[in-house]
Amino acid sequence: MGLRKNAENLTPSELVDLREAFEALYQIDDDRGYGFFAGIHGLPLPVYCEHGTALFLPWHRAYLYHVERALTAALRRARGDETVEVGLPWWDWSSAVSQDRGLPTPFRSTADGPTNPLSAGPVVLGPDDLQLVRENLPGAISEGADPVTLRDPEEPAELPRDPTVQRALRATTFTDFSRILESIHNGVHGWVGGAMSAAPTAAFDPVFWAHHSMIDRLWYLWQLSPRNGDPPARLLDRALPPFPTTVRETLDISSLGYEYAAQVIG
């Protein structure tokens, strides 16, 4: 598949590919499309996502893997080009750039010109679920028959800083690492606000994927470190529904066909 890069380092052509891939995925209204994949995380029911368990990291790695494949497939169909590949960029919210600017540049709203498909995603839910969201999660989605995700970000300086990330990377067991990293992850969801602040709607916001790519990258970097440890043995052959993937199959990203552009091992 594609190479995952820092969102701030995408080339103009890579950014065009990413935006066109999301736009193409938005247009598909079956189980190959954006609404289907975003809905796996929360609404519509059933809820599949793993939070607060040792499956948090493996499940979300499988999730990103299948969405990345779907983005590539959608762009290939749209262009009639079987060679193009799409990698999900990561949002390094601990970087100096993010501490100054907040949301990653490719995912921000544009003041003028065409709408940026990465600044908001379509919320493909039935009338009952839409009413449920509007009643219980005010400010998560826009009004009207075809809602999109909304954001309400806090000040950039409130994002997690590098010492917080390093604390997670110093964890000596998988369980501790997963627990600390998930806590950091939760804080970023809350920082973005709007749809990202609640599991039922979070994955409809395109920045969800950049955030989780960062989480997956940090797990990968921890796997490269001397402190690396696998999830509990009893979980290795557990399936990660709705994906045809087990925990064991998520442990080596090279077997999944992607890599990260920058590696830091400590």
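Some notes on this structure:
The rows are residues; the columns are (1) polar (S, T, N, Q); (2) free of Cβ contacts under 8 Å to residues at least 24 places away in the same chain; (3) closer than 30 Å to Leu125 by Cβ.
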{"residue": "His212", "(1), (2), (3)": "no, no, yes"}
{"residue": "Trp222", "(1), (2), (3)": "no, no, no"}
{"residue": "Gly229", "(1), (2), (3)": "no, no, no"}
{"residue": "Leu236", "(1), (2), (3)": "no, yes, no"}
{"residue": "Ala239", "(1), (2), (3)": "no, yes, yes"}
{"residue": "Pro242", "(1), (2), (3)": "no, no, yes"}
{"residue": "Arg248", "(1), (2), (3)": "no, yes, no"}
{"residue": "Ile253", "(1), (2), (3)": "no, no, no"}
{"residue": "Gly257", "(1), (2), (3)": "no, no, no"}
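- When each of Ala120, Ala145 is tested for being of a type in the set (A, V, I, L, M) and touching a residue at least 60 places away in the same chain (Cβ under 8 Å), the lone residue that passes is Ala120.
- Any chance Leu169 is under 21 Å from the mean Cα position of the chain (by Cα) and not acidic (Asp, Glu): yes
- Unique residue being in contact with a helix residue (DSSP H, G or I) (Cβ under 6 Å, 6 or more places away or on another chain), within 29 Å of Phe177 (Cβ to Cβ) and β-branched (Val, Ile, Thr) when the list is Val47, Val67, Val124: Val67
- Taking the criterion of being touching a helix residue (DSSP H, G or I) at 6+ places or on another chain (Cβ under 7 Å) and among the aromatic types (Phe, Trp, Tyr), the only residue of the range 174-186 that qualifies is Phe177.
- Any chance Ser98 is assigned to a helix (DSSP H, G or I), open to solvent by 20 Å² or more (accessible area, probe 1.4 Å) and among the hydroxyl-bearing types (Ser, Thr, Tyr): no
- Residues of the range 18-28 satisfying the condition of being of a type outside the set (Gly, Ala, Ser) and either closer than 24 Å to Phe243 by Cβ or open to solvent by 70 Å² or more (accessible area, probe 1.4 Å) (or both): Leu18, Glu20, Phe22, Glu23, Leu25, Tyr26, Gln27, Ile28
- Conditions (1) of a type in the set (D, E, K, R); (2) in a helix (DSSP H, G or I); (3) open to solvent by 10 Å² or more (accessible area, probe 1.4 Å); number of the one not met by Asp81: (2)
- Of all the listed residues (His212, His189), the sole one being surrounded by 22 or more Cβ atoms within 10 Å (Cβ to Cβ), in contact with a helix residue (DSSP H, G or I) (Cβ under 9 Å, 6 or more places away or on another chain) and not acidic (Asp, Glu) is His212.
- Looking across the range 29-54, the residues that are among the hydrophobic types (A, V, I, L, M, F, W, C) and either crowded, with 20+ Cβ neighbours inside 10 Å or under 20 Å from Ala120 (Cβ atoms) (or both) come down to Phe36, Phe37, Ala38, Ile40, Leu43.
- Residue selection: Leu88 fails the criterion of being part of a loop (DSSP other than H, G, I, E, B), open to solvent by less than 60 Å² (accessible area, probe 1.4 Å), closer than 16 Å to Met196 by Cα and in contact (Cβ under 8 Å) with a residue 24 or more places away in the chain.
- Hits in the range 110-144 - residues which are part of a loop (DSSP other than H, G, I, E, B) and either open to solvent by 90 Å² or more (accessible area, probe 1.4 Å) or of a type in the set (Phe, Trp, Tyr) (or both): Ala111, Asp112, Pro114, Thr115, Pro138, Glu143
- From the options Asp176, Asp216, residue that is of a type in the set (Asp, Glu), assigned to a helix (DSSP H, G or I), closer than 19 Å to His60 by Cβ and free of Cβ contacts under 8 Å to residues at least 40 places away in the same chain: Asp176
- One residue alone among Val148, Val165 is under 16 Å from Gly35 (Cβ atoms) and β-branched (Val, Ile, Thr), and that residue is Val148.
- Residue selection: Thr173 satisfies the criterion of being over 21 Å from Tyr34 (Cα atoms) and either open to solvent by less than 10 Å² (accessible area, probe 1.4 Å) or of a type in the set (Val, Ile, Thr) (or both).
The values are calculated or read from the model by the stated rules, or taken from the named source; none is laboratory data. Small disclaimer: the values here were computed from a predicted structure and weren't measured. All Cβ positions, glycine included, derive from the backbone under ideal geometry; neighbour counts span all protein chains shown. Calculation scope for accessible area: heavy atoms of the full protein, side chains included, ligands and nucleic acids excluded. Shrake-Rupley method; radii C 1.70, N 1.55, O 1.52, S 1.80 Å.
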